[in-house]
Amino acid sequence: LADLEKLELLEVLCCMQVLRTLCFQASRADGRQSNANFIGGYGWITANPEAPPGAPTRKLAQASFERVEGLLFRVLRKQAANDSNATGSLSEADKHGFEIFRRLGKQLGLIIPRTGKGQRFVLPSHLLRFLVAALLKPGEHILLTEFYERVFAHYGIALGEQQLATALDQGEAQEGNRDYAIAADTRWIEEALSQGGFLVELSDAVSMVRHPGTRQGME
């Protein structure tokens with residue numbers, strides 16, 4: 001990788017770590033139970049950035065974003081209620097809580113649109129590229145299902161069917177469950193990975209994600 005590309009990936013990595021940490025800490029403070037699939041206790045359901053209005057994935061991604069923001073907002077006020085000295089600094093806490101989550105998410109392209117209604121989690125191609133670079137060693141090949149597992153285990157991003165079911169269960173999105181079967185269609189993710197040169201299709205039922213780099217190229 002070129003030096004500029006490495007710096008860009010490092011910037012994304014730092015921002016993703018901030019977003020992940022905010023959700024981890026908020027989930028812990030909220031007293032939510034973790035599970036064997038993801039200890040973080042939260043889930044980000046992402047949609048195709050090009051999904052049309054009314055698409056099941058888009059509705060679930062919007063509901064997921066609203067739940068995460070609600071969690072961050074709720075935890076700050078819960079802590080303020082338990083601390084008589086916290087009220088005066090609540091606005092400052094908001095800036096370093098759900099507001100910074102929204103700002104960094106939009107900066108990364110993880111949250112769209114930048115303004116207006118219908119804000120939701122999406123997964124554009126450059127973030128998929130980051131996930132491949134962050135979770136696979138240079139030259140490594142893994143099953144697509146394992147890639148989905150790694151993404152969920154590290155960042156709480158629900159891509160595969162099993163991870164989506166877990167995220168829906170964590171969010172208690174009963175209304176969203178009606179759209180589950182359609183939303184679990186991962187073809188848009190596979191197409192994005194394929195266009196980036198990260199997907200190797202072994203058969204109609206088996207695909208692998210590969211890190212196209214080499215160890216020498218990462219030095």
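Bear in mind that the values in this text are calculations on the coordinates, not laboratory data. Here the structure is a predicted model, which means the values were calculated and not measured. No Cβ is skipped: glycine too gets one built from the backbone with ideal geometry, and neighbour counts run over all protein chains shown.
Annotations
- For Met208, distant residues with modelled amide H under 5 Å away: Leu144, Val200, Glu201, Leu202
- A crude spin-label estimate for the pair His126 and Cys14, with each label 7 Å from Cα along the Cβ direction, gives 1.6 nm.
- Overall dimensions of segment 106-161 by Cα: Rg and Dmax, Å: 12.9, 41
- FRET efficiency for Glu99 and Lys78, using Cβ-Cβ distance with R0 set to 22 Å, rounded to 0.05: 0.80
- Taking 30 Å as the straight-line reach from the Cα of Lys78, the lysines in range (excluding those fewer than 8 positions away in the same chain) are Lys59, Lys95, Lys106, Lys117.
- Stretchable slack from Lys137 to Ala55, in nm (0.36 nm times residue separation minus alpha-carbon distance): 26.1 nm
- For segment 58-68, 3J(HN,Hα) per residue [Karplus equation, 6.51 cos²θ - 1.76 cosθ + 1.60, θ = phi - 60°, Hz, x = Gly/Pro]: 5, 5, 5, 5, 5, 5, 5, 4, 5, 5, 5
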